[in-house]
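Everything below concerns the one structure shown next.
The values are calculated or read from the model by the stated rules, or taken from the named source; none is laboratory data. Computed from a predicted model, the values in this text were never measured in an experiment. Note that we place each Cβ from the backbone using ideal geometry, even for glycine, and neighbour counts take in every protein chain shown.
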Ligand SMILES: *Cc1c(COP(=O)(O)O)cnc(C)c1O
């Protein structure tokens with residue numbers, strides 16, 4: 001068996017220990033005589049799986065008691081619609097535009113109401129987080145929305161916007177569980193788990209209880225009301241059971257590594273290996289201003305499309321997979337999520353050094 005270093009932005013690398021454990025339990029989950037894929041979502045065994053997953057996540061993120069944890073489907077993209085459908089009482093919301101994913105969320109919210117883009121970094125192709133001081137939060141906004149880590153462009157918020165009494169909503173898909181975060185600052189935070197916590201098919205929504213109401217936009221389908229899922233502990237219908245099971249294992253893996261403080265430390269160490277090299281070499285350079293660089297998604301370019309393509313090709317041959325940048329940004333992007341071992345980052349930098357020497 002040989003595993004590559006997979007730098008994919010998502011679906012992405014998962015911890016090897018988790019995959020091995022799942023493999024061992026594949027045919028007979030703990031004496032049930034069946035795989036988790038085959039069991040009833042109403043069974044005792046699955047109740048344990050989803051209950052434990054939630055418990056561990058609450059512990060890891062220190063989630064206050066007045067927040068519900070929901071395991072939903074439809075990916076992060078479905079939240080782009082669910083959020084306005086459930087929160088837009090005045091049909092107005094403020095959005096900060098920092099890249100591809102906040103842009104998509106804005107486009108979707110416009111279907112349901114008025115969207116004010118109160119800050120944007122589109123003028124410089126989303127290479128920085130706009131100034132968060134003196135934001136003009138709209139008086140009638142139902143919420144303020146950010147994408148906490150823009151996966152495509154590789155930037156992250158180090159501070160949060162001051163939203164006063166307005167609810168802050170954040171898409172944390174690509175930096176979920178990568179470092180501690182103060183849940184109490186948000187009304188909703190959510191993550192498609194295929195970036196940093198599990199297989200595609202699950203989105204985790206952490207929502208403050210007062211935001212869970214029947215007072216949703218007319219025509220909102222039952223399945224798209226948070227209340228439906230909150231009232232039924234994510235078991236209104238068949239949940240993405242196997243995905244939740246793997247997420248639970250990943251949560252445990254993080255807990256055994258020392259939790260989110262420990263994750264942050266190792267993630268900072270991994271990212272600095274790559275950024276230090278990007279800042280000191282003569283061929284590659286990072287595309288994001290230093291203070292807003294993501295710890296998870298690291299975009300870089302040589303300045304020549306030809307050399308970029310050559311690098312991607314040779315990197316693949318050397319066992320570094322999915323290093324090509326997003327089609328809207330070009331160049332390269334190394335996604336170095338929790339499960340990317342530090343050896344993978346070191347090996348990538350060694351490979352980049354060699355390439356630099358050979359292509360001066
Ligand atoms: C990948 C991603 C999405 C979209 O996720 P889907 O589950 O494919 O809908 C949304 N936001 C961010 C920040 C992402 O990285």
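Of the residues 113, 164, only one is touching a helix residue (DSSP H, G or I) at 6+ places or on another chain (Cβ under 7 Å), farther than 30 Å from residue 14 by Cβ and more than 16 Å from the ligand (Cβ to nearest atom); which?
The conditions single out 113.
Going through 346, 291 one at a time, which residue ends up being within 30 Å of residue 122 (Cα to Cα) and under 25 Å from the mean Cα position of the chain (by Cα)?
Result: 291 is the single residue among 346, 291 that is within 30 Å of residue 122 (Cα to Cα) and under 25 Å from the mean Cα position of the chain (by Cα).
If the requirement is being within 16 Å of the ligand (Cβ to nearest atom), within 25 Å of residue 263 (Cα to Cα) and either at pLDDT 95 or above or outside any loop (DSSP other than H, G, I, E, B) (or both), which of these qualifies: 175, 159?
Exactly one of 175, 159 is within 16 Å of the ligand (Cβ to nearest atom), within 25 Å of residue 263 (Cα to Cα) and either at pLDDT 95 or above or outside any loop (DSSP other than H, G, I, E, B) (or both), namely 175.
Tell me which residues, restricted to the stretch 274-330, are closer than 24 Å to residue 341 by Cβ, assigned to a loop (DSSP other than H, G, I, E, B) and free of Cβ contacts under 8 Å to residues at least 60 places away in the same chain.
318, 325
So residue 146 fits all but one of (1) within 16 Å of the ligand (Cβ to nearest atom); (2) in contact with a helix residue (DSSP H, G or I) (Cβ under 6 Å, 6 or more places away or on another chain); (3) farther than 24 Å from residue 251 by Cα; what number is the exception?
Failing condition for residue 146: (2).
Do the conditions hold for residue 227, that is, is it surrounded by fewer than 20 Cβ atoms within 10 Å (Cβ to Cβ) and at negative phi?
Here the answer is yes, as residue 227 does meet what is asked.
Mind telling me which of the residues 81, 107, 53, 23 ends up being closer than 30 Å to residue 331 by Cα and outside the structural domain of residue 323 (by TED's automatic domain parsing)?
From the options 81, 107, 53, 23, the qualifying one is 107.
Name the single residue, out of those in the stretch 182-200 being crowded, with 21+ Cβ neighbours inside 10 Å and assigned to a loop (DSSP other than H, G, I, E, B), that is farthest from the ligand (Cβ to nearest atom).
Among those that are crowded, with 21+ Cβ neighbours inside 10 Å and assigned to a loop (DSSP other than H, G, I, E, B), it is 187.
Does the stretch 67-96 hold any residues that are more than 21 Å from the chain's Cα centre (by Cα) and under 21 Å from residue 236 (Cβ atoms), and which are they?
Across the stretch 67-96, the qualifying residues are 85, 86, 87.
Among the residues of the stretch 21-50, how many are touching a residue at least 12 places away in the same chain (Cβ under 8 Å) and not in a loop (DSSP other than H, G, I, E, B)?
8
Within the stretch 126-134, is even one residue in contact (Cβ under 8 Å) with a residue 12 or more places away in the chain, over 28 Å from residue 89 (Cα atoms), part of a loop (DSSP other than H, G, I, E, B) and within 16 Å of the ligand (Cβ to nearest atom)?
Scanning the stretch 126-134, I find at least one residue that is in contact (Cβ under 8 Å) with a residue 12 or more places away in the chain, over 28 Å from residue 89 (Cα atoms), part of a loop (DSSP other than H, G, I, E, B) and within 16 Å of the ligand (Cβ to nearest atom), so the answer is yes.
When the residues of the stretch 201-225 are narrowed to those that are in a loop (DSSP other than H, G, I, E, B) and within 16 Å of the ligand (Cβ to nearest atom), which ends up nearest to residue 166 (Cα to Cα)?
Only one residue fits best here, namely 202.
Just checking, which of 59, 47 is within 18 Å of residue 239 (Cα to Cα) and away from the ligand (no atom under 16 Å from the Cβ)?
Only one candidate qualifies: 47.
Restricting the stretch 65-95 to residues that are within 13 Å of the ligand (Cβ to nearest atom) and closer than 13 Å to residue 108 by Cα, which is surrounded by the fewest Cβ atoms within 10 Å (Cβ to Cβ)?
Among those residues, the one meeting the criterion is 77.
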